[in-house]
Structures are given as structure tokens and as C-alpha cells.
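Here the structure is laid out as C-alpha cells; the discussion comes afterwards.
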Amino acid sequence: MFTFIHAADLHLDSPLIGLPHYEGAPVEHMRGSTRRALENLVDLALTEQVAFVLIAGDVYDGDWRDYNTGLFFAAQMTRLREQGIPVFIISGNHDAASQISRSLRLPENVTVLPADSPGTALLDDFGVAIHGQGFRTRAVADDLSAAYPEPVAGMFNIGLLHTSADGRPGHDPYAPCSLDSLRAKGYDYWALGHVHTREVLCDDPWIVFSGNTQGRHIRELGKKGCTLVTLEDGAVLTAEPKELDVARWAVCEVCVPDADGEEDISTCAAIAVERELVRHDGRPLAVRVRLSSTSATCGELLADEERWLNEIRAAVTDISGGMAWVEKVVVQTTPRSILPVDEGATGELLAAIQEADLGEEHLQQLVREFRDFVAKLPSELRTSEDGQELATETAIRAMLGEAKALLSIRLFAQDGGQ
């Protein structure tokens, strides 16, 4: 019996997106999180005395600002070398040769499989054959796995692959392949990278996205880590997720009651974030707070958004002891939030807004224009934080509904309605 680690998408020194600096925010803790996640991976490998480590692409996050990123990675690989643990890596789209202008010699325990054609590494002591091919360029449209060699007879065969598989929201469709084609290859385990959410596509054979080791923005919610695989008698006994992340991203839903005092809104938000901290074992959190109300409270929130954002940040910093960071506050409006006002110009305008609708022709035109715009965005921004495509009829109608509600509530607040 022996174990190995399957990891991917370290994105070392990635510039975490959506973390504004404000007093009390744990800026440095969050910015160093990708490095500490790698340190945790190495600690796990040493504690478990694994036979080897696999990294299925995107060690880096594109070109380095300086050599420190590469030096840090090399130092962590040296820790593994000192305990006789080999590491096998393929390049992903972010660390393809076309994306990285600098390079450093890695310790001799690290094998980087080729990017021009599939390569195979044999571990005779463990009866394991590792097959893989990295990315030469950022955008690979071909199914790389189709050219992977036949399994080596009498050995446990692993395919190391950076791929979008059959497509995942928020991820560019690189090196696409099908579940059936991977199964047909005859390998015993596929160690996949590129998709940042852990997912077991199949357990006969095991085909696994390990997910990334550390969340980097609000679309990468919850636990992040690697997969610890245990083999016995040439077969997978367990493929267990292991947490490596040192900070997390979360969305906190807060239903705001009618506010009797100014502290009610921020207190409700702070208490909800405190519960979220407990759910994540006290790890530092970057939180998006979503406030919803079926009362005129929404009007108060929207009338002075900057003030309430900072009121909530102050309350969250206080109740969490500085362990939670409010990335953004979103006010969600509902039809019940739109209360009647006296007849007159404002009332007529409110009625016109609520009754307004797009015809089918205009809706389709808007969807086409929005689709062209979204296509120019980075892949991680092409979906909402819950993974939904933005350039669809459903999404457009939802945004229009939110805009109507927002306009109505702003008018209501300005009219002095209660």
C-alpha cells in the first residue's frame, strides 16, 4: 500500500481579484495565501510520506513579476527532494512556454513532462507509469489525450492532463476531451487540472479534477485543496480530498428586517458573517454580503450605499476580530420592496418603470450585443459568482428586473415614502 498526491492550479502569487484595501482588512494574509497553500501541500506530502506528487498544470499564474515566484517553488520542491519524494508536472495554459519568459533550474526530483508530445515516466519501485503532455501555448484547442500512449502492461497507469474536459462554466475550452474517450484509454487514474472546483467525473476508472489549492476570487468559493490517493494491490482504495487553503471566499446572504435603529442593518450582516466564519473553521474570509429586504429598508440602503458599505465593514471587522474581509456589499431588491407612493409625477414614473418590458426582437438584439461584450472578458468573469452564464435571455431578463426594482426604490426613497 502507498499514497500519492494529485494537485493542480497552484497559481502561485496570483493577484487576488476584488480585495480593496481598507482599515482592518487582512491584506497581507490574503496576498500570501497561494504560497502558504503550497507549503501546506508539501507538509501533507511529508506527513503522509507519499510515494510521489502530481501537479496537473498551472503552477504559476503567467509570467513572474520577478524571480522570487520561481525561487519559492523551487525551495518547496527541495523540501520534497530531501525526503526522496519525486514530483511530476505538466504545464497548463497559465504556465505554457508562451506565457513564461523567465525560468529556473528545478531540483532533480522534479520531472516536467514534455509539451511537444506526450511523455511517460516510470516508477518501477511502485509499479506506476505516469503519462502526460503540457501546453506549449496558452490556447490549446486539440484533444491532447488522444495521442497519449497505450497503458504499460502490468503497471498502474496515470494520465496527467490539463483540460476543460467536455466544458465547464467559467473555464476556457482548452484541450477538450470526453469522459468516454478518457475511460477508453485504459488508464487506472486520470489526474486532471484546469477546472478549479473539485469534481470526481468517474470512479471506474478514477477521473478527478482536484480543483485549485487556494481560492483567488469570489467565483472560487469554499474549500480548496488536493486529492490524497491510496493504492492497494494495484487499485485505488481511496481518493480523499484534503484541504490546503489558508483563506476562503464566501457569499453571505442577509435578510434585513425593518430597521428600528441605524445599527440593525450592520449588526445583522456582522452576525451572519460570524456564523460563516464558524462554518469555515475560523479561516480568514473574504465575504460578499448580499442584503435583501421586502421593506423600505432597501431604499435606505440604496440611498447611501457607500456609508452602509463602511458601516458593515466596521461591524464585521469588530465582531470577527479582523478575520473577515467584506469584499463587496450587494443590495438585492424584490417587487415587494416597491411600495406605493402618492399619485403624481413620481407615481406615474414608478408605474411606467414597473410596467416596462422588452419585446422579443429587442431582447434578442440585447443578448447578441451582450454576448459579444462578454466574449472579450477573461474566462473567470464570463459567469456570475454562482456559475451562471451571463449572456443568456434568462440572465438579461433578471438584470432588467433588478434595474427596474433599483430605479423604483431610488425614486421611492427620494419621494420620502415610508
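No value in this document is a laboratory result; all are computed from the given coordinates. It should be emphasised that the depicted structure is a prediction, and the values quoted were computed from it without experimental measurement. Using ideal geometry, Cβ is built from the backbone for each residue, glycine included, and neighbour counts are taken over all protein chains shown.
Assign unit charges at the C-beta atoms only (+1 for Lys and Arg, -1 for Asp and Glu), then state the dipole size of segment 2-243 relative to its Cα centre in Debye, rounded to the nearest 20. Please report the intermediate quantities before stating the final value.
On the way: 19 positive and 32 negative charges, 133 e Å.
My answer is approximately 640 debye.
I need the shape label for segment 33-175. Rule: rounded when a/c is under 1.5, else prolate if a/b > b/c, else oblate, with a, b, c from the alpha carbon gyration tensor. Numbers along the way, then the final one.
Working: a/c = 1.71, a/b = 1.04, b/c = 1.64.
Here segment 33-175 falls in the oblate category.
With +1 on the Cβ of every Lys and Arg and -1 on the Cβ of every Asp and Glu, and nothing else charged, how large is the dipole of segment 1-113 about its Cα centre, in debye rounded to the nearest 20? Please report the intermediate quantities before stating the final value.
Values: 8 positive and 14 negative charges, 42 e Å.
So the dipole magnitude of segment 1-113 works out to roughly 200 debye.
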Among 117, 2, 78, whose Cα sits farthest toward the positive end of the charge dipole of segment 1-128 (+1 at Cβ of Lys/Arg, -1 at Cβ of Asp/Glu, about the Cα centre)? 78
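Arranged by the count of other C-beta atoms within 10 angstrom, fewest first, what order do 77, 30 take?
On the way: 77 24, 30 20.
Result, fewest neighbours first: 30, 77.
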Computed over segment 152-210: relative contact order in percent, which uses C-alpha pairs under 8 Å that are six or more apart: 31 percent
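When only C-alpha pairs under 8 Å and at least 6 residues apart count, what is the relative contact order of segment 2-243, in percent? Spell out each step's value before the answer.
Details: 560 pairs, mean separation 49.9, N = 242.
Reported relative contact order: 21 percent.
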Using 7 Å Cα-to-Cβ label points, what is the residue 202/residue 240 separation (nm, one decimal)? 2.6 nm
Using only the Cα atoms of segment 156-216, each taken as one equal point scatterer with no solvent, compute I(q) by the Debye sum, divide by I(0), and report log10 of the ratio at q = 0.24 Å⁻¹. -0.99
Highest average packing first - 244-256, 110-122, 206-218, 132-144, Cβ atoms within 10 Å: 206-218, 244-256, 132-144, 110-122
Let me spell out the model: positive unit charges on the Cβ of Lys and Arg, negative unit charges on the Cβ of Asp and Glu, origin at the Cα centre of segment 52-93. What dipole size does that give, in debye rounded to 20? 180 debye
